[in-house]
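A.B. asks: Shown below is the structure under consideration.
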Amino acid sequence: MRVGLTGGIGSGKSTVAGLLREAGAALVDTDAISRGLTLAGGAAMPAIAQAFGADFVAADGALDRDRMRALAFSDAGAKRRLEAILHPLITAQALAEADAATAPMIVFDVPLLVESGRWRSRVARVLVVDCSVETQIARVLQRPGWTMERVQGALAAQTSRQARRAAADAVLLNDGLSLAELATEVRSLAARWGCETIATP
Ligand code: ADP
């Protein structure tokens, strides 16, 4: 069973990913793959250096993240060029990791699953972790370095709760739940989905 896991910032997506792993799922973390591709020697670095120039490569050979973030923020075309390099590489590595996994359930952790549209056909189920915007804001403000302005910017750059929920086969509503209650819900879902034998489309 291949599952796409997504959720807005602060929804608890990473927490649910960890709980699914504890429940026996294999986790494919597309953010971690993306970071690995842009470390020194990462598979995306030659194409990035060619497309954006040596200025975007730090002294150690990794992507200069601050510089690239600033460019992508102000220049939509540059953001698209970066994504055109990264996304196919991320997808290829994620699918290779999934093919090598032996767990009954493989969970692809994809923050922008609904926004990108690249994952729907590759997973049998979409699991959305959802909570109110107020809860999202309260959780993210606990993170070091996050201001209200930065949280609002991140929220504005993501799709709406409504669109995410519309794309879901199951929604975990992570509001007013203790971590223990969330864990119980995740285990029950993993048992239901992990035991089914539905072919990936
Ligand atoms: P995301 O990956 O969606 O951005 P996280 O899983 O990192 O969100 O969760 C954000 C923060 O909220 C973390 O500190 C996490 O421990 C906390 N959190 C998430 N769900 C709950 C919950 N049900 N009860 C208490 N804390 C929670």
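The values are calculated or read from the model by the stated rules, or taken from the named source; none is laboratory data. Since this is a predicted model, take the numbers as computed values, not measurements. Virtual Cβ from ideal backbone geometry, glycine too; neighbours counted across all protein chains shown. These accessible areas exclude ligands, DNA and RNA; they are computed on the full protein's heavy atoms, side chains included. Shrake-Rupley method; radii C 1.70, N 1.55, O 1.52, S 1.80 Å.
A.B. asks: Against the longest alpha carbon principal axis of the chain, how many degrees, from 0 to 90 and to the nearest 10, is the axis of helix 13-22 turned?
C.D. replies: The two axes meet at around 60 degrees.
A.B. asks: Considering every pair of different Cα atoms, what Kirkwood radius, in Å, is found for the stretch 67-201? Each step should come with its number before you reach the end.
C.D. replies: Details: mean 1/r = 0.0577 Å⁻¹.
Computed over Cα pairs of the stretch 67-201, the Kirkwood hydrodynamic radius comes out at 17.3 Å.
A.B. asks: At a 1.4 Å probe radius, carbon and sulfur cover how many percent of the accessible area of the chain? Working shown, then result.
C.D. replies: On the way: 5660 of 10400 Å².
Its accessible area is 54 percent carbon and sulfur atoms.
A.B. asks: Between beta-carbons, use under 12 Å as the cut-off and find the net charge around A94, counting Lys and Arg +1, Asp and Glu -1.
C.D. replies: Local net charge: -2.
A.B. asks: On to the next question. Distance between the C-alpha centers of the stretch 1-63 and the stretch 79-123? Whole Å please.
C.D. replies: The two parts, judged by their Cα centres, are 10 Å apart.
A.B. asks: Between R150 and S132, what is 0.36 nm times their sequence separation minus the Cα-Cα distance? Round to one decimal in nm. The partial results should precede the final answer.
C.D. replies: Values: separation 18, 0.36 × 18 = 6.48 nm, distance 1.76 nm.
Length gained, R150 through S132: 4.7 nm.
A.B. asks: Bins of 5 Å, beginning at zero and ending with the bin holding the largest distance: percent of Cα pairs per bin for the stretch 145-190, please.
C.D. replies: 4, 17, 17, 15, 21, 17, 7, 1
A.B. asks: Another question, if that's okay. Only residues of the stretch 110-147 count here: report those whose backbone N is under 12 Å from the spot 7 Å along Cα→Cβ of V171, or say none.
C.D. replies: Under 12 Å, as judged by backbone N against the label point of V171, lie 128-133 of the stretch 110-147.
A.B. asks: Using only C-alpha atoms and all pairs of different ones, pull out the Kirkwood radius for the stretch 1-151 in Å with one decimal.
C.D. replies: Details: mean 1/r = 0.0595 Å⁻¹.
Result for the stretch 1-151 stands at 16.8 Å.
A.B. asks: Something else now. In terms of modelled amide H atoms, which long-range or inter-chain residues lie less than 5 Å from the amide H of V28?
C.D. replies: V107, F108, D109
A.B. asks: Quick one: ranking D60, D31, D109 by accessible area, 1.4 Å probe, largest first, what do you get?
C.D. replies: Numbers: D60 105, D31 75, D109 10 Å².
Listed by decreasing accessible area, they come as D60, D31, D109.
A.B. asks: Which whole number of Å³ per residue matches the convex hull of the alpha-carbon atoms in the stretch 124-201? Don't skip to the end; give the middle numbers.
C.D. replies: Numbers: hull volume 9.1 nm³, N = 78.
Measuring per residue, one finds 116 Å³ for the Cα hull of the stretch 124-201.
A.B. asks: Further question: Could you state the orientation-averaged shadow area of the convex hull built on the Cα atoms of the stretch 16-99, in nm² to one decimal?
C.D. replies: Numbers: hull surface 25.5 nm².
That works out to 6.4 nm².
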